[in-house]
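Enquirer: I'd like to ask you about the structure that follows.
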Amino acid sequence: MASITSSPTADDRARLDVTFAALTDERGSVEPISAAEREARCRRLGRLLGAHGVDALLVEPGSTMRYLTGVEWGLSERLFALLVTADGVRRWVTPAFEASRAASVTAEAPGECVAWDEHEHPYAPLASALRAAGCARVAVDPWLRFRFVQGLRDAFGEAAVVLGEPVTTALRGVKDAHEIKLLRRANELTQRAISAVARTLEPGVTSTEIALRLTVAQERLGLTDVWHLALIGPAAAFPHGEERERTLGAGDLLLVDTGGKLHGYCSDNTRSWVVGAAPRPEVVRIWNVVRDAQRAAFDALRPGARACEADRAARRALERAGFSPGYEHFFHRVGHGIGLDGHEDPHLDGGSEAVLEPGMCFSDEPGIYLPGVLGLRIEDIVCVTEDGAEHFGEWQAGPESPEGE
Ligand code: ZN
Ligand code: ZN
């Protein structure tokens, strides 16, 4: 689950910088991905293309382009794209009048320029470049806009342009050791920020103020692009929250779902706990049921297992405790892939036959939602290993606080 971002004012920041003075920038604790690593990713993509029976992948600006090259470029009505062929060679498709800017933006990941002029549109030049490179079939990134797909099909052949999802999922779905280190650290930092914020909370605080504290605490730790949900009491029964602000009362159940990015890699953690009083027995019971479902999903993760098994395991745990195994009380999938995108393929949903491999990272986030009463979710990021799965940071110990075991 992901939600809004908020920008603290200068006054908020000055005030909260004092509150969170103990949290300092941890960005230096893990190296960012290097140009040499991205070069190796292009070569790995080349091998995957061969294995999937296609000759090239075409990618518009976005996370797959960043993954392969580090290049950022704003989407516009004109096609700017990366083409990688099975030999791992890059080409940049760019409007001709943008060619010099493209050369400077792509300096760390250079490639031959396939320029197109305004009157000709990108398709004929792109089709010529593909033919010249000996390509018979080109895969397109799943996020490539359909108008460009259709234009390319008209110029290069309807059947010669295929959906690249199997290739991009194989490419980005399995994380290497460096990526796992980045994801682990990002999620440890978010958990640390949640704990630090929890220690400042008292009845009377608004959901907006909690969100500001989550933002500043994570930014002080070095995370960027911080987003948050801070849902009080029944508001948490809507998994993406509600618009109106609420004020924390003594004994209210608070659900915090938040994250940010460390060198581009995402965190995403949810903690549900009771503030200012001991949790009621019913809240303790439901928290334990959700925790059991989270562990059941975790235990289902191992190489060779299918993604749907984790979702099913969580639902069986809920059913054993008397809740619906369907979508009545737990109305979303148990988890999503995570990496450069907060939500990315493959996902842990009940219909996914994706076969798990070491290095795949997911959220594990069951919940129980009782409209008008409460919503309770616990979310951690986990990684499939050679013989099971590992968990980033600490499991939440209980509904009294977000602290780990
Ligand atoms: Zn989340
Ligand atoms: Zn999530």
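The values are calculated or read from the model by the stated rules, or taken from the named source; none is laboratory data. These numbers come from a predicted model, not from an experiment. For neighbour counting, all protein chains shown are included, and Cβ atoms are generated from backbone atoms with ideal geometry for every residue, glycine included.
Enquirer: Mind listing whichever residues of segment 132-159 are in contact with a His (Cβ under 8 Å, 6 or more places away or on another chain) and either surrounded by fewer than 18 Cβ atoms within 10 Å (Cβ to Cβ) or assigned to a helix (DSSP H, G or I) (or both)?
Expert: If the condition is that a residue be in contact with a His (Cβ under 8 Å, 6 or more places away or on another chain) and either surrounded by fewer than 18 Cβ atoms within 10 Å (Cβ to Cβ) or assigned to a helix (DSSP H, G or I) (or both), then Gly151 is the only one that fits.
Enquirer: Confirm whether Ile338 is crowded, with 20+ Cβ neighbours inside 10 Å and either touching a Cys at 6+ places or on another chain (Cβ under 9 Å) or modelled with pLDDT under 95 (or both).
Expert: yes
Enquirer: Here's something else I'd like to know. Tell me which residues, restricted to segment 361-386, are more than 16 Å from ligand 1 (Cβ to nearest atom) and not in a strand (DSSP E or B).
Expert: Pro371, Gly372, Val373, Thr385, Glu386
Enquirer: Do we have any residue at all in segment 387-399 that's within 18 Å of the chain's Cα centre (by Cα) and within 11 Å of ligand 2 (Cβ to nearest atom)?
Expert: Looking for residues that are within 18 Å of the chain's Cα centre (by Cα) and within 11 Å of ligand 2 (Cβ to nearest atom), one finds none in segment 387-399, hence no.
Enquirer: Then there's this: How many residues does segment 390-403 contain that are in contact with a Gly (Cβ under 7 Å, 6 or more places away or on another chain) and assigned to a strand (DSSP E or B)?
Expert: Going through segment 390-403 one residue at a time, the tally reaches 2.
Enquirer: Within the bounds of segment 321-338, is there any residue that is away from ligand 2 (no atom under 14 Å from the Cβ) and either part of a strand (DSSP E or B) or within 19 Å of Leu182 (Cβ to Cβ) (or both)?
Expert: no
Enquirer: What number of residues in segment 345-386 are of a type in the set (D, E, K, R), within 11 Å of ligand 2 (Cβ to nearest atom) and within 19 Å of Arg302 (Cα to Cα)?
Expert: 4
Enquirer: Still on this structure, please answer the following. With respect to Gly335, is the statement that it is within 16 Å of ligand 1 (Cβ to nearest atom), more than 24 Å from Gly233 (Cβ to Cβ) and of a type in the set (Gly, Ala, Ser) true?
Expert: For Gly335, the condition - within 16 Å of ligand 1 (Cβ to nearest atom), more than 24 Å from Gly233 (Cβ to Cβ) and of a type in the set (Gly, Ala, Ser) - is met.
Enquirer: Considering only residues that are under 21 Å from the mean Cα position of the chain (by Cα) and away from ligand 2 (no atom under 15 Å from the Cβ), look in segment 251-294 and name the one that is nearest to Glu202 (Cα to Cα).
Expert: Looking at residues that are under 21 Å from the mean Cα position of the chain (by Cα) and away from ligand 2 (no atom under 15 Å from the Cβ), I get Leu262.
Enquirer: Take the residues in segment 33-53 that are in contact with a helix residue (DSSP H, G or I) (Cβ under 8 Å, 6 or more places away or on another chain) and in a loop (DSSP other than H, G, I, E, B); name whichever of them is farthest from Cys266 (Cα to Cα).
Expert: If we take residues in segment 33-53 being in contact with a helix residue (DSSP H, G or I) (Cβ under 8 Å, 6 or more places away or on another chain) and in a loop (DSSP other than H, G, I, E, B), then His52 is farthest from Cys266 (Cα to Cα).
Enquirer: For a quick check of your reading of the model, give me the residue pairs whose first member lies in segment 334-349 and is among the acidic types (Asp, Glu), whose second is part of a strand (DSSP E or B) and within 15 Å of ligand 1 (Cβ to nearest atom), with beta-carbon atoms closer than 6 Å and at least 6 apart or on different chains.
Expert: Qualifying pairs under 6 Å: Glu344/Gly337; Asp345/Gly337.
Enquirer: Moving on. Please verify whether Arg47 is surrounded by fewer than 17 Cβ atoms within 10 Å (Cβ to Cβ) and either over 30 Å from Ala193 (Cβ atoms) or not assigned by TED's automatic domain parsing to the domain that holds Arg192 (or both), treating the condition exactly as stated.
Expert: yes
Enquirer: Kindly indicate whether Pro358 is assigned to a strand (DSSP E or B), in the same structural domain as Ala397 (by TED's automatic domain parsing) and away from ligand 1 (no atom under 16 Å from the Cβ).
Expert: When the stated conditions are applied, Pro358 does not pass them.
Rundown of residues vs (1) surrounded by 15 or more Cβ atoms within 10 Å (Cβ to Cβ); (2) within 16 Å of ligand 1 (Cβ to nearest atom); (3) over 29 Å from Cys383 (Cα atoms), yes/no style:
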{"residue": "Ile232", "(1), (2), (3)": "yes, no, yes"}
{"residue": "Glu243", "(1), (2), (3)": "no, no, yes"}
{"residue": "Asp252", "(1), (2), (3)": "yes, no, yes"}
{"residue": "Asp257", "(1), (2), (3)": "yes, yes, no"}
{"residue": "Val275", "(1), (2), (3)": "yes, no, yes"}
{"residue": "Pro279", "(1), (2), (3)": "yes, no, yes"}
{"residue": "Glu282", "(1), (2), (3)": "no, no, yes"}
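Enquirer: So which residues in segment 11-61 are among the β-branched types (Val, Ile, Thr) and under 23 Å from Phe148 (Cβ atoms)?
Expert: Val54, Val59
Enquirer: Return yes when Ala115 is in a helix (DSSP H, G or I), of a type in the set (Gly, Ala, Ser) and either out of contact with any Leu (no Cβ under 6 Å at 6 or more places or on another chain) or under 20 Å from Met65 (Cα atoms) (or both) and no when it is not.
Expert: The answer is no for Ala115.
Enquirer: Modelled with pLDDT of 95 or more, surrounded by fewer than 22 Cβ atoms within 10 Å (Cβ to Cβ), out of contact with any Gly (no Cβ under 7 Å at 6 or more places or on another chain) and within 27 Å of Ile180 (Cα to Cα): which single residue out of Asp345, Asp387 fits that description?
Expert: One residue alone meets the criteria, Asp387.
Enquirer: Same structure again: Checking Leu23 against (1) farther than 24 Å from Ile180 by Cβ; (2) in a loop (DSSP other than H, G, I, E, B); (3) among the aliphatic types (A, V, I, L, M): exactly one of these is not met. Which one?
Expert: Single failed check for Leu23: (1).
Enquirer: Also, I was wondering about something else. Which members of segment 173-218 meet the condition of being in contact (Cβ under 8 Å) with a residue 24 or more places away in the chain and among the charged types (D, E, K, R)?
Expert: Selection gives Lys175, Asp176, Glu179, Lys181, Arg184, Arg185, Glu188, Arg192, Glu202, Arg213.
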